[in-house]
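Asker: To start, I am sharing the structure in question, which I have written as structure tokens.
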Amino acid sequence: NDSRQSSRETSICGHVVAADEPVVVEDVSKDPRFADNPFLIEKGIRFYAGVPLRTSSGHVLGALCVIDTKPRTFSAKDQKLLQTIADELMAKVEAEHRSAGVEQVAS
């Protein structure tokens, strides 16, 4: 079993995908949704901030997140910046995918 993966039911990223909205947990140990999560405990994760990775058609494919082993604060400005990075990443991925599709059809 790959320790970098966890089931959607227990992962914080799964909450981002299911809710289609950012999730910020400044101290995982104090959040009843995640305080007993064995994956988070094992890895010592205390801070999580994640935003949806959305396609241009609005489908959520995953989450872009930042984590830390210490509790942290995360402002609305930080959250907006993380979402901007996620949106730019998805635009680049989709542009590369379209470009690859055109090349495959042409060859």
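Asker: Which residues, counting only those in segment 26-55, are of a type in the set (Ser, Thr, Tyr) and under 21 Å from Leu81 (Cα atoms)?
Answerer: Selection gives Tyr48, Thr55.
Asker: Look through segment 26-80, keep the residues that are over 17 Å from Cys13 (Cβ atoms) and among the acidic types (Asp, Glu), and return whichever of them is most open to solvent (accessible area, probe 1.4 Å).
Answerer: Asp36
Asker: For segment 59-75, name all the residues that are under 17 Å from Asp20 (Cα atoms) and over 12 Å from the mean Cα position of the chain (by Cα).
Answerer: Passing the criteria: only His59.
The values are calculated or read from the model by the stated rules, or taken from the named source; none is laboratory data. Bear in mind that the values here come from a model prediction, so they are computed numbers and not experimental data. We place every Cβ from the backbone using ideal geometry, glycine too, and count neighbours over all the protein chains shown. We work out accessible area using only protein heavy atoms, side chains counted, and drop any ligands, DNA or RNA first. Shrake-Rupley method; radii C 1.70, N 1.55, O 1.52, S 1.80 Å.
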